Amino acid sequence: MTSILGGGLGGLSSAYYLLRGGVHSSRIKLFESSSRLGGWIRSVEENGVTFECGPRTIRPVGEPGRNTLALLEELNLENAIIPILRSSPAAQRRLIYVRGQLHVLPSSFKSLFKKTSPFSRPLITALFHDLRTGKSLKSLEDESIYDFTKRRFGQEMADYAISPMICGICAGNAKEISVKFLMKDIFEKEQRYGGVIRGLLADRFSGKEKKATETLGKLASRARDEKWAIYSLEGGLETLPETLKKHLQSKDVSISLESDCEEINFSPNGINLSFKDKKEKSKSVISTLPAYKLAEIVRKQHPKLGEMLSGIPYVDVGVVNLHFSSPDALKEKGFGFLAAPSENIPILGVIFDSCCFDMKDSTVLTVMMGGHWFKQHFGESPTEDTLLSTARKYLKDILKIEDDPENVRVNILKKCIPQYVIGHHARVEAIREYLRDQKLPLGLAGAAYDGVGVNDVILSARKAAEQHFS
């Protein structure tokens, strides 16, 4: 028996891959502490408009991207995909809010040679900066992504490009986030070749950088040929976990809601799982729980493991969805904007949903706020009204939107995103080494260990399921 803890995308995907690998459905049990499946992915329809309360798009690139596209093929979701092409305004126009103004980030090769605000020089000079800087005098185990960017490409790149980008990726502070974890390939190229550009060129000319065209599935080939930038699904991104749920139910996989695991005890005779009103025995466990939650339920028997897991911090994010009846409420076009942390404002950014997808002649926006700075700006327990009024204030100040919204939805996502602080790569390695040394039949999957994106979580689940067979 394999027990899966957590019914978000990671848990549902783990069960799917166990089934696909040949485990009989009667040997799989999935436990979710809440009353619904899907985790942070939640799509809500309000008066014919879809609000995304969590993740909303997926990138079709790299091994994780190809893996997700293969999963969508297997689930027969090809016709549900809504792609955004690289040529569209949503892909071409990405903005940052710096010095009290919106600025369009360069998006083409030509634009590298032009000076565009807020940068004081053409961005090509940042590449020259990397070439001139040379190799670090000492080998680094890790470094903040801010310091790495400042050292290799200059302070403006760190302040105006990377810092807002990290707000968008993990709602984090670039001065604390690990470059080795979030951009491992680039970090290792710099350490090996003495520069990022040198490393990219060396790999290209040595033949190490190979395209995996021979392994592309039908959807991945379509995404490449049609030049998708990102994509979503009809009905919202929750269509994916909903389809996984239906697939598991059709195979008679046991799914238990409102089942909060309170303790895991490992013994030579198997694993004992304690819930509030029951106990379960299992041969192996895949945990897709947040690291801090897993820490609580293993700490009694394995305090060292609990300490390592609880060392992974998480942040709160406020998400405010707003629907305006007028299609002209928003004058800007593009994917949205991210605010530079140097602005010291409570919002992380705004997504222009109605620029990305058809919203039936209306304007739909999502305001993200808080993250690393949530408690600084909102305290411990802000009301939904506080977040809504904050969202409306900055929509008015920055985007000049004074219309009253037709519909709104406010969500405060507590401890929703892990923070990959300096040393995170080593911490995850130490956690997995502990599991190997102690020979614990416990697999780990999810954003805390293998990356924050939808693609990363699905691939993490697949690898955890595959370890079950090794």
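The values are calculated or read from the model by the stated rules, or taken from the named source; none is laboratory data. The model shown is predicted, which means the values in this text are computed figures rather than measured ones. In this analysis, Cβ positions are derived from the backbone assuming ideal geometry, glycine residues included, and neighbour counts consider all displayed protein chains. When the accessible area is computed, the model is the full protein with side chains, heavy atoms only, and any ligands, DNA or RNA have been set aside. Shrake-Rupley method; radii C 1.70, N 1.55, O 1.52, S 1.80 Å.
Assorted remarks:
- Condition broken by R462, with the remaining ones in (1) over 17 Å from S284 (Cα atoms); (2) assigned to a helix (DSSP H, G or I) satisfied: (1)
- L140 vs. criteria in contact with a Leu (Cβ under 9 Å, 6 or more places away or on another chain), modelled with pLDDT under 95, more than 17 Å from L95 (Cα to Cα) and not aromatic (F, W, Y): no
- D328 in a loop (DSSP other than H, G, I, E, B), more than 30 Å from F357 (Cβ to Cβ) and of a type in the set (D, E, K, R): no
- Residue check, E332 open to solvent by 40 Å² or more (accessible area, probe 1.4 Å), touching a helix residue (DSSP H, G or I) at 6+ places or on another chain (Cβ under 7 Å) and among the acidic types (D, E): yes
- The conditions of being outside any helix (DSSP H, G or I) and either among the polar types (S, T, N, Q) or open to solvent by 40 Å² or more (accessible area, probe 1.4 Å) (or both) are met by T116.
- Residue match in region 454-470 (condition: open to solvent by 30 Å² or more (accessible area, probe 1.4 Å) and farther than 29 Å from V61 by Cβ): no
- A residue that is surrounded by fewer than 19 Cβ atoms within 10 Å (Cβ to Cβ), at pLDDT below 95, on the phi > 0 side of the Ramachandran plot and more than 23 Å from the chain's Cα centre (by Cα) can be found somewhere in region 356-376.
- Note on region 41-60: residues that are touching a helix residue (DSSP H, G or I) at 6+ places or on another chain (Cβ under 8 Å) and in a loop (DSSP other than H, G, I, E, B) total 6.
- Search result, residues across region 286-316 that are open to solvent by less than 60 Å² (accessible area, probe 1.4 Å), outside any loop (DSSP other than H, G, I, E, B) and farther than 21 Å from G54 by Cβ: I286, A295, I297, V298, L305, G306, M308, L309, S310
- Residue check for G443: surrounded by 15 or more Cβ atoms within 10 Å (Cβ to Cβ), in contact (Cβ under 8 Å) with a residue 24 or more places away in the chain, under 27 Å from S282 (Cβ atoms) and not polar (S, T, N, Q): yes
- Residue pairs meeting the criteria (Cβ under 7 Å; at least 6 apart or on separate chains; first modelled with pLDDT of 90 or more, in region 122-137; second open to solvent by 50 Å² or more (accessible area, probe 1.4 Å)): P122/F113; P122/K114; P122/K115; I124/F113
- Of residues in region 3-40 being at positive phi and in a loop (DSSP other than H, G, I, E, B), the one nearest to the chain's Cα centre (by Cα): G39
- Residues of region 77-102 classified as in contact with a helix residue (DSSP H, G or I) (Cβ under 8 Å, 6 or more places away or on another chain), open to solvent by 20 Å² or more (accessible area, probe 1.4 Å), within 25 Å of P341 (Cβ to Cβ) and in a strand (DSSP E or B), total: 2
- Residue, nearest to G371 (Cα to Cα), within region 412-470, restricted to residues that are at pLDDT 95 or above and of a type in the set (F, W, Y): Y420
- Residues located in region 231-252, provided they are open to solvent by 10 Å² or more (accessible area, probe 1.4 Å) and in contact with a helix residue (DSSP H, G or I) (Cβ under 7 Å, 6 or more places away or on another chain): E234, T239, K245, H247, K251, D252
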